[in-house]
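Read the structure below first, then the notes.
The values are calculated or read from the model by the stated rules, or taken from the named source; none is laboratory data. What you see is a predicted model; the values in this text were computed from it and never measured. Cβ placement follows ideal geometry from the backbone for every residue including glycine, while neighbour counts extend to all protein chains displayed. For the accessible areas, the whole protein counts, side chains as well, though only heavy atoms, and no ligand, DNA or RNA atoms are used. Shrake-Rupley method; radii C 1.70, N 1.55, O 1.52, S 1.80 Å.
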Amino acid sequence: MKFRKILIFGAIAFGLLAALLVLLSSLLSESLPNVLAPEGRDYVFDYVIVGAGTGGSVLTSLLAKHSNGSVLLIEAGGAFGLLSRIPLLTTFQQKGINDWSFLSVPQKHSSRGLIEQRQCLPRGKGLGGSANLNYMLHFDGHAPDFEAWHKRHNLSDWSWEQIRPFLAAAKPQTLFEIPRSYSKLTQALDEAEAQFPHKSWHFRRSRYCIRNGLRHSVLQQFLQPVMKNVNLRLLPQALVKRIKLSKSPKLRATSVLVGIKDEHTNKEHEFSIKVQRELILCAGAYQTPQLLLASGIGDRSTLAKLQLPVQHHLPLVGQGLHDHFNMPLFVSTGVIGPSLNQRTLLDPFNLLNYLSSGTGHFGNFGVVGHVSGHEEVEWPFSVTFFGAGAIDEGSLMSISNFKRAAFRALFPRYHNSSQEGFVAISNCLQPKSRGSVTLLNSSMRRNPLIDPNFLSSSEDLNCTIDAMRHAIQLITSPAFASLQPRIHWPRLRECANFGPFERDFFEHSPSDHYLECIIRHLGLSSHHPGGSCAMGSTSNDSVVDAQLRLHGINNLRIVDASVLPSPISGNPNTIIAAIAVRAATWILKSELQEGQVSLGL
Ligand SMILES: Cc1cc2nc3c(=O)[nH]c(=O)nc-3n(C[C@H](O)[C@H](O)[C@H](O)COP(=O)(O)OP(=O)(O)OC[C@H]3O[C@@H](n4cnc5c(N)ncnc54)[C@H](O)[C@@H]3O)c2cc1C
């Protein structure tokens, strides 16, 4: 008992220490090196990079290291706090100061269990961008994705052979892999791999961008090591509002208009920064098209409707948005997992374990493994296993936008804080639905109109139903039997006509109509948006060319998730980092070819 008290004191001390560190880290954020202090004069930089997320951090790092030119990195947010480094606590950042907290427009074909049928679309805001808000899962890349880019989109520069060295260069320095012994769920997954009849399915235990128990993102690996370089300046808390083009002799980006808000008076100070060589947009799949459209670069008729003067007609800006769509299913287990629940989290041993070795529940996000099928299936799919037994109602509802009834139908054991179980998340790896990013008006301070248009393709619905049936096959296989799993089919009033019927609990074969109904109500964004300024060969099929330059504007590139011509069959972060490495080589090569550049700081 005495020992337990000591542990509880230890846990409280840890809490206080964490709070102190959060405070300290926010204080430290004030003292970033090389911050540009706008003093009312015009600045000129060889390279101006907009957005310090995955693409922007990697690109800035390589240009700061290897270029002879001056580099300015402009980021709308500031530094992330310590919360971003503690893996399990990452969702607490959502809806906070480091999240843009976008909401989709009401969805036509999905999201019926969400308030106003709108999806929560978190995006990182600050140095590190979404790489500092994400769930840290690493994926090596999948050869057929790039072969499809090569063959279907005529992008021979992006074949698997071509991209592999860049993936290697972008790979996280250290990865933390969930060990087999982590829980009974990881053991069941390993057994399923050995026993499962579908030999073409791939079983992976999760690998995280985590080092010594702390998030190790592109910020730590790429950006931080170069922050003090003499040719680099940072401009945090600054929003890029317009891009200015000049027409002669050739169309080129000449400057950006930046706005910085005074946090006390809320007044905005605006100034321009001139671009000597290249302007590179890394503002992400929602805000890169937003900035282009707000600057009059986009489809002529769309811009006319918004009464925006056209600087450059490029019809597909903001079109072709894609994202993975997740269907969660709660499975309770009859044995102690241990799985994530309030009881395990409040256990002082867990805290001590994390403090002493960086491992245990606090040292990862809770996703323990994935099973995916690419060959011998009609549609490539993935099932992700999130080892959580009790899901906190308030927290999940706030970051998912679920209506209360939908949440409770999905997690009927939500009130039991010591519940053991897991969530099986099924999705299609190559969804066909395409959405868009447009504007409400030209203000960059207003959120863009984001329409992921989930399930607009009936193929995606069939594919998700298929993925769920694969998940059921796994969960009811002998390998999982020792967990005593029970699938909790959501009992939604709106789906009651189709089931679930008592026999479903035994036969695990609910009808397609029932599965369609729950998918259309309860499916959620995976937060992997891309494709809104896709690459391709001409302006009729894309926004940027194979070297990521805007069609018609040679010195304006996009280096972020918007350029993906089709979805990545897994977690996209490392692929976007690899795209940035690739872009850096082209930029540096052209610098070399054209001779010295000025150090115009
Ligand atoms: C909650 C969540 C979980 C995820 N989990 C994973 C995962 O586990 N594994 C994985 O591989 N991927 C994951 N992802 C996806 C991955 O993080 C993103 O695909 C990737 O970070 C996108 O990189 P990016 O460079 O395109 O954009 P971002 O990283 O989003 O960077 C864009 C940056 O631009 C800044 N910006 C935007 N507009 C302006 C402007 N006008 N002026 C100045 N700055 C601007 C933003 O503040 C931001 O910092 C997740 C994403 C989220 C949100």
Single condition K403 does not satisfy, out of (1) open to solvent by 50 Å² or more (accessible area, probe 1.4 Å); (2) farther than 17 Å from C120 by Cβ:
(2)
Are any residues in region 111-138 in a loop (DSSP other than H, G, I, E, B) and open to solvent by 20 Å² or more (accessible area, probe 1.4 Å), and if so, which ones?
R112, R118, R123, K125, N134, Y135
Please list, ordered by residue number, the helices (runs of 4 or more DSSP H) wholly in region 284-403 having 3 or more residues that are under 25 Å from the mean Cα position of the chain (by Cα) and closer than 29 Å to G129 by Cβ.
284-294, 393-400
Condition check: free of Cβ contacts under 8 Å to residues at least 40 places away in the same chain, of a type in the set (D, E, K, R) and assigned by TED's automatic domain parsing to the domain that holds L291. Does R446 satisfy that?
yes
Out of the residues in region 86-104 that are open to solvent by 40 Å² or more (accessible area, probe 1.4 Å) and in contact with a Gly (Cβ under 9 Å, 6 or more places away or on another chain), state the one that is nearest to the ligand (Cβ to nearest atom).
W100
Close pairs (6 angstrom Cβ cut-off, 6 or more residues apart or separate chains): outside any loop (DSSP other than H, G, I, E, B) in region 248-264, basic (K, R) anywhere
T254/K244; S255/K244; S255/K274; L257/K241; L257/R242; G259/K241
Condition set at positive phi and either acidic (D, E) or outside the structural domain of G55 (by TED's automatic domain parsing) (or both), scope region 111-140, selection nearest to the ligand (Cβ to nearest atom): answer is S111
For the subset of region 143-170 comprising residues that are open to solvent by 30 Å² or more (accessible area, probe 1.4 Å) and outside any helix (DSSP H, G or I), which member is farthest from D323 (Cα to Cα)?
N154
Please tell me if R434 is at pLDDT 95 or above, of a type in the set (D, E, K, R) and surrounded by fewer than 16 Cβ atoms within 10 Å (Cβ to Cβ).
no
Is it true that A577 is within 12 Å of the ligand (Cβ to nearest atom) and either outside any helix (DSSP H, G or I) or of a type in the set (A, V, I, L, M) (or both)?
yes
Candidate set from region 178-225 (those that are away from the ligand (no atom under 16 Å from the Cβ) and in a strand (DSSP E or B)); member that is least open to solvent (accessible area, probe 1.4 Å)
F203
Going residue by residue through region 274-281, is there one that turns out to be in contact with a strand residue (DSSP E or B) (Cβ under 6 Å, 6 or more places away or on another chain), near the ligand (Cβ under 9 Å from one of its atoms) and in contact (Cβ under 8 Å) with a residue 12 or more places away in the chain?
yes
For I475, work out the one condition from (1) in contact with a Pro (Cβ under 6 Å, 6 or more places away or on another chain); (2) free of Cβ contacts under 8 Å to residues at least 60 places away in the same chain it doesn't fulfil.
(2)
Filter region 192-207 down to the residues that are farther than 13 Å from V368 by Cβ and aliphatic (A, V, I, L, M) and list them by number.
A194
Does region 226-245 include one or more residues that are at positive phi, within 11 Å of the ligand (Cβ to nearest atom) and at pLDDT 95 or above?
yes
Only one of (1) outside the structural domain of A577 (by TED's automatic domain parsing); (2) touching an Asp or Glu at 6+ places or on another chain (Cβ under 8 Å) fails for K108. Which number is that?
(2)
Failed condition for K108, given (1) away from the ligand (no atom under 15 Å from the Cβ); (2) part of a strand (DSSP E or B); (3) not acidic (D, E), with all others met?
(2)
State whether the residues of region 253-266 include one that is buried (at least 23 other Cβ atoms within 10 Å of the Cβ), small (G, A, S) and away from the ligand (no atom under 12 Å from the Cβ).
yes
Among the residues of region 372-388 satisfying the criterion of being touching an Asp or Glu at 6+ places or on another chain (Cβ under 8 Å) and surrounded by fewer than 23 Cβ atoms within 10 Å (Cβ to Cβ), which is modelled with the lowest pLDDT?
V377
Pick from region 549-574 the residues that are part of a helix (DSSP H, G or I) and of a type outside the set (A, V, I, L, M): which of them is nearest to the ligand (Cβ to nearest atom)?
N573
Has region 38-57 got any residue that is near the ligand (Cβ under 10 Å from one of its atoms), part of a loop (DSSP other than H, G, I, E, B), over 19 Å from I558 (Cβ atoms) and in contact with a helix residue (DSSP H, G or I) (Cβ under 6 Å, 6 or more places away or on another chain)?
no
Yes or no: F365 open to solvent by 10 Å² or more (accessible area, probe 1.4 Å), under 14 Å from E420 (Cβ atoms) and at pLDDT 95 or above?
no
Qualifying residue in region 228-235 (condition: part of a strand (DSSP E or B), closer than 14 Å to Y43 by Cα and open to solvent by 10 Å² or more (accessible area, probe 1.4 Å)):
yes
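A quick yes/no check of all residues on (1) under 22 Å from S255 (Cα atoms); (2) in contact with a Ser or Thr (Cβ under 8 Å, 6 or more places away or on another chain):
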residue: S526; (1), (2): no, no
residue: G530; (1), (2): no, yes
residue: C533; (1), (2): yes, yes
residue: S542; (1), (2): no, no
residue: D545; (1), (2): yes, yes
residue: R549; (1), (2): yes, no
residue: P567; (1), (2): no, no
Quick one: which residue in E161, E191 is among the acidic types (D, E) and either under 30 Å from F454 (Cβ atoms) or touching a residue at least 24 places away in the same chain (Cβ under 8 Å) (or both)?
E191
Note on region 524-548: residues touching a residue at least 40 places away in the same chain (Cβ under 8 Å) and either part of a strand (DSSP E or B) or more than 16 Å from the ligand (Cβ to nearest atom) (or both) are L524, S525, G530, M535, G536, S537, S539, N540, D541, S542, A546, Q547
